[in-house]
Amino acid sequence: MRTRIKIKRAYDAPDAGDGKRILVDRLWPRGLTKEKAKIDYWAKDISPSNELRKWYGHEPGKWEEFKKRYFSELDRNRAEVDELIGQMGKGPVTFVYSSTERVINNAEALKNYLERKAITKK
């Protein structure tokens, strides 16, 4: 059985079903306190590079190319991927992100990457 990865916006209230909450953004969510966010681990080094993040800008037409470029960055940064996997553990995990875009965001791309690489724990 794979580790269940949920995706949740940082500004949505945490709940017990979230399991381990991992922030997967390079920048801390604006206006959100650490106490309110209830983040267990901040994986800022796993997030897209500043250059890629700025290029993408959450433009729907760039989504597929964004994923391709982001996956390439992840492939080159195996140490960060391995650290994230170690932090995930075996229980439920929620990747937390701050974008207003709920479908085409880096948390969703990261989840997709891990599933494609069959990296999620069994």
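Nothing in this text is a laboratory measurement; each read-out follows from the coordinates by a stated rule. Owing to the predicted nature of the structure, the values given are computational and were not obtained by experimental measurement. Cβ placement follows ideal geometry from the backbone for every residue including glycine, while neighbour counts extend to all protein chains displayed.
Among the lysines, which have Cα under 30 Å from the Cα of Lys38 when same-chain residues fewer than 8 positions away are ignored?
The reachable lysines, counting only those whose Cα sits under 30 Å from Lys38, are Lys6, Lys8, Lys20, Lys54, Lys67, Lys90, Lys111, Lys117, Lys121, Lys122.
What are the principal axis extents of the Cα atoms in segment 36-113, in Å, biggest first?
Computed over the Cα atoms, the extents are 35, 31, 19 Å.
So what are the ³J(HN,Hα) numbers for segment 8-23, from phi and the Karplus equation (6.51, -1.76, 1.60; θ = phi - 60°), rounded to whole Hz, Gly and Pro as x?
Result, ordered by residue: 8, 6, 4, 8, 7, 4, x, 9, 4, x, 5, x, 6, 9, 10, 6 Hz.
Can you tell me the dipole magnitude for the chain around its Cα centre, using point charges on the Cβ only (Lys, Arg +1; Asp, Glu -1), in Debye to the nearest 20?
For this selection, approximately 280 debye.
Have a look at the DSSP beta bridges in the chain and tell me what percent are antiparallel, nearest 5.
Expressed as a percentage, antiparallel bridges in the chain total about 0.
In whole Hz, what ³J(HN,Hα) sequence does segment 70-82 give by Karplus (6.51, -1.76, 1.60; θ = phi - 60°), x for Gly and Pro?
5, 4, 5, 4, 5, 4, 7, 10, 4, 4, 5, 4, 4
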